[in-house]
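Accompanying notes for the structure given below.
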């Protein structure tokens, strides 16, 4: 059960936080930076992402309880958000929930990009927040909670390494490879979104099951 939970969680988190998919955005937003400035930005982004993930894991379920939202309500709403992002990835179009709107992107280009828009909403956006909260609520016992923490730590480490060596990695990624990876992650994310929706609807409307 621990291995199955870990693989499913890692697949969902990798699909939505994929550092290689976010790499072109980072390179674009830091195009005027020196190598040292780019490395500092990568470090800040990783630190902000870690802080957000920790805050979501600690406070996310309590926030749902405060607003009277059950995890099944959140599964349905989050599944819809993830499905929208997944469809935009499959169609090769941007999604404002994941990347920010045009006005937000213009505003971000005039200031430090480490927290906004790179950390939020590109890396830890609505889709990632949904995934973190839902899988945290699904984790059972100390073993699965340890797996949860290990998966998050591994994902953050991958993001940190990818952004730290963004220029070198970006120069070796062809446009075709990026497109293929985005489409593949979109398909995986859509399948996960549908499973979340089905689980949420079954719990809320047991008669349909």
#### Entry: Unique match (being in a helix (DSSP H, G or I), closer than 18 Å to residue 134 by Cα and at pLDDT below 90) among 82, 90
82
## Note on the structure
Flagged in the stretch 148-191 as farther than 20 Å from residue 134 by Cα and within 16 Å of the chain's Cα centre (by Cα), in numbering order, are 157, 158, 159, 160, 162, 163, 181, 182, 183, 184
### Task
Looking only at the stretch 60-72, count how many residues are surrounded by 15 or more Cβ atoms within 10 Å (Cβ to Cβ) and farther than 16 Å from residue 132 by Cβ.
1
### Query
Going by the structure shown, is residue 177 part of a helix (DSSP H, G or I) and surrounded by fewer than 15 Cβ atoms within 10 Å (Cβ to Cβ)?
yes
### Query
Given the conditions (1) surrounded by 14 or more Cβ atoms within 10 Å (Cβ to Cβ); (2) without any contact (Cβ under 8 Å) to a residue 40 or more places away in the chain; (3) under 19 Å from the mean Cα position of the chain (by Cα), which single one is not true for residue 46?
(2)
### Query
Cβ-Cβ below 7 Å, separation at least six or inter-chain, first residue in the stretch 142-154 and in contact (Cβ under 8 Å) with a residue 60 or more places away in the chain and at negative phi, second surrounded by 21 or more Cβ atoms within 10 Å (Cβ to Cβ) and assigned to a helix (DSSP H, G or I): which pairs?
148/9; 148/135; 151/9; 151/13; 152/53
### Summary
Over the stretch 162-174, the set of residues assigned to a helix (DSSP H, G or I) and without any contact (Cβ under 8 Å) to a residue 24 or more places away in the chain is 168, 171, 172
### Task
For residue 186, indicate whether it is modelled with pLDDT of 85 or more, surrounded by 13 or more Cβ atoms within 10 Å (Cβ to Cβ), assigned to a helix (DSSP H, G or I) and touching a helix residue (DSSP H, G or I) at 6+ places or on another chain (Cβ under 6 Å).
no
### Summary
The one condition residue 98 fails out of (1) within 20 Å of residue 14 (Cβ to Cβ); (2) surrounded by 16 or more Cβ atoms within 10 Å (Cβ to Cβ); (3) at pLDDT 75 or above is (3)
### Task
Name, by its number, the condition in (1) touching a helix residue (DSSP H, G or I) at 6+ places or on another chain (Cβ under 7 Å); (2) outside any helix (DSSP H, G or I) that does not hold for residue 68.
(1)
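The values are calculated or read from the model by the stated rules, or taken from the named source; none is laboratory data. In this text, all values refer to a predicted model and were calculated from it rather than measured experimentally. All Cβ positions, even for glycine, are placed from backbone atoms using ideal geometry, and neighbour counts span all protein chains on display.
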